[in-house]
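The values are calculated or read from the model by the stated rules, or taken from the named source; none is laboratory data. Quick caveat, the model's predicted, so the values are computed rather than measured. Counting neighbours? That spans all protein chains shown, and the Cβs are built from the backbone with ideal geometry, glycine included.
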C-alpha cells in the first residue's frame, strides 16, 4: 500500500495512473525490441539469469559475467568493457497469482520466482 499511497486521492477516478494507447506489450515492449534489434542487439529468450559476477572498485561497479540456466544446462556470458547489463531484481508483481470464483489464489514464494531468487 505504501508503494501506491500517492495515487489514493485519484483512485476512485483512476487518476494519476499512466496508461498507453494500446496494451503495454504493443505500445512499449515491441517498439523498443524492434528499435534495439535494428541497432544490432540480440535477444535470447527462455534463459534465466541465476547469478551475476561484478567487478567492484572504489569508483565503479560493473557486471562482468552472467550465469544462465538454459534448457541445455548452465552457461556463462562474459561481458566486455563496452557491454551493458540492465537488470530488474524483483518486482511487486513477481510470483503473483489470481484466483477465480471457485479457487483461491496460490500463495507463491521465492522458489516460484526467477527474479527474487537472484537476490
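Would you tally the residues in segment 84-119 being touching a residue at least 12 places away in the same chain (Cβ under 8 Å) and in a loop (DSSP other than H, G, I, E, B)? The total comes to 15. Comparison of 54, 43 shows that the only residue that is without any contact (Cβ under 8 Å) to a residue 60 or more places away in the chain and either part of a loop (DSSP other than H, G, I, E, B) or touching a helix residue (DSSP H, G or I) at 6+ places or on another chain (Cβ under 6 Å) (or both) is 43. Scanning segment 7-33 for residues that are exposed (fewer than 10 other Cβ atoms within 10 Å of the Cβ) and modelled with pLDDT of 80 or more yields a single hit, 21.
Within segment 1-11, is there a residue that is within 19 Å of the chain's Cα centre (by Cα), closer than 29 Å to residue 117 by Cβ and without any contact (Cβ under 8 Å) to a residue 24 or more places away in the chain? No, segment 1-11 has no match at all. Restricting segment 79-119 to residues that are in contact with a helix residue (DSSP H, G or I) (Cβ under 7 Å, 6 or more places away or on another chain) and exposed (fewer than 10 other Cβ atoms within 10 Å of the Cβ), which is nearest to residue 67 (Cα to Cα)? For segment 79-119, the residue satisfying everything is 88. For residue 44, the conditions (1) in contact with a strand residue (DSSP E or B) (Cβ under 9 Å, 6 or more places away or on another chain); (2) modelled with pLDDT of 90 or more all hold with the exception of (2). More than 14 Å from residue 118 (Cα to Cα), in the same structural domain as residue 117 (by TED's automatic domain parsing) and surrounded by 11 or more Cβ atoms within 10 Å (Cβ to Cβ): does that describe residue 64? No.
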